Amino acid sequence: MERTLIGMLTPSSNTVLEPYTSALLHSLLPEVTAHFQRFTVTEISMRGESLTQFDPAPLLAAAQLLNDARMDVIAWNGTSSSWLGFEADRRLCAAIQDTIGVPATTSVLALNEVLERAQVSRLGLVTPYLDDIQAAIVANYNAAGHEVVGERHLNDKGNFSFSDYDEATLAEMVREVAQARPEAITILCTNLRGAGIVAELEQELGIPIYDSVSVTVWKTLQMAGIDPARVTGWGQLFQDRRLKA
């Protein structure tokens, strides 16, 4: 049987991206499956110890273990380059390709591709992060030509605790950001329960919503030669003709 194997590099304290990724891909079973390898991430802050969690070495080691199962594509399913700088993810993907021989992407690079293809110049931002992390993210997206016109964040640093926020809390944050009339809103964090609220909120607000777990699935499917439009019920990302490869 021909199979497509998608590898996800996963923060150790994340409890959302695995079940939501599997749910997004459920209709493609057994043809397409996701597989996960963790490495240590426990705090999101600007402290030195927190920043070094995202050094390339542990991610590359995790990717090598993951590839024992012969992945077709590997994604860093996390958003660290949104505050560290997008070039960090580009270097990581190049290193995975060079050392392991598997094409690679990340949640942030996938999101950035979506924003470019959809020509989003006014962006709404919802995250769980601390004030200084949020400020860095806003600065990076403003510099990239996606002006953050509205934002909400939870000012939390505990990566595990991000998963404790319920969908109602996130939905209200999205509604508040929508008041600034952005052209799109991103729920930026792979440990937030955003994917499941996207379709209903898009209908309510009339604004595309790009969840980090969802955009990672979208991009890895594209890279593996699988039409993302086969994923239904999770928002317009997967059916948007502007985003076709």
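None of the figures in this text is laboratory data; all of them are computed from the coordinates on show. Not measured: the values here are computed from a predicted model. Note that we place each Cβ from the backbone using ideal geometry, even for glycine, and neighbour counts take in every protein chain shown.
Observations
- Compared with the rule-of-thumb size 2.2 N^0.38 Å for a compact globular protein, region 37-108 has a Cα radius of gyration ratio of 1.06.
- Dipole magnitude for region 29-155: about 100 debye, using +1 per Lys or Arg Cβ and -1 per Asp or Glu Cβ, origin at the Cα centre.
- By the count of neighbouring beta-carbon atoms within 10 Å, fewest first, Met223, Met71, Met46 end up ordered Met46, Met223, Met71.
- Percent antiparallel among DSSP beta bridges (both partners in the chain, rounded to 5): 5
- When +1 charges are put on Lys and Arg Cβ atoms and -1 charges on Asp and Glu Cβ atoms, the dipole computed for region 29-83 relative to its Cα centre reaches about 60 debye.
- Choice from Tyr141, Tyr165, Tyr20 showing the highest fluctuation, given a GNM over the chain with Cα pairs closer than 10 Å: Tyr165
- Of the residues Leu111, Thr127, Cys93, the one whose Cα sits farthest towards the positive end of the charge dipole of region 25-136 is Leu111 (charges of +1 on Lys and Arg Cβ, -1 on Asp and Glu Cβ, taken about the Cα centre).
- For region 196-245 and region 25-86, distance of Cα centres in Å: 20
- Total charge dipole magnitude, region 146-245, about the Cα centre, Cβ charges on Lys, Arg, Asp, Glu only, Debye to nearest 20: 440
- 4 °C / 1.567 mPa s Stokes-Einstein diffusion coefficient of region 116-203, Kirkwood radius on C-alpha pairs, µm²/s: 99
- Top of Leu29, Leu188, Leu125 by mean-square fluctuation, Gaussian network on the chain, Cα under 10 Å: Leu29
- An oblate overall shape is assigned to region 156-241, the ratio a/c of its alpha-carbon gyration tensor axes (a ≥ b ≥ c) being 1.5 or greater and a/b not exceeding b/c.
- Altogether, the Stokes-Einstein calculation at 37 °C and 0.692 mPa s, with the Kirkwood radius of region 1-141 over Cα pairs as Rh, returns a diffusion coefficient of 205 µm²/s.
- With neighbours defined as other Cβ atoms within 10 Å of a residue's Cβ, the residues Trp218, Trp234, Trp76 order from fewest to most as Trp234, Trp218, Trp76.
- In the list (1) 0.99; (2) 0.96; (3) 0.93, the label attached to Rg/Rh (Cα atoms, Kirkwood Rh) as derived from the coordinates here is (3).
- Among Thr33, Thr216, Thr169, the largest mean-square fluctuation in a Gaussian network model of the chain, built with springs joining Cα atoms closer than 10 Å, belongs to Thr169.
- Averaged over residues, the count of other Cβ atoms within 10 Å places the peptides 115-121, 132-138, 158-164 in the sequence 132-138, 158-164, 115-121, highest first.
- Residue-span extension gain [Met46 to Asp240] - 0.36 nm each, minus C-alpha spacing: 66.3 nm
- Ellipticity at 222 nm from helices only: DSSP H runs of n ≥ 4 in the chain, each -39500 (n - 2.57), divided by the residue count, give -11500 deg cm²/dmol.
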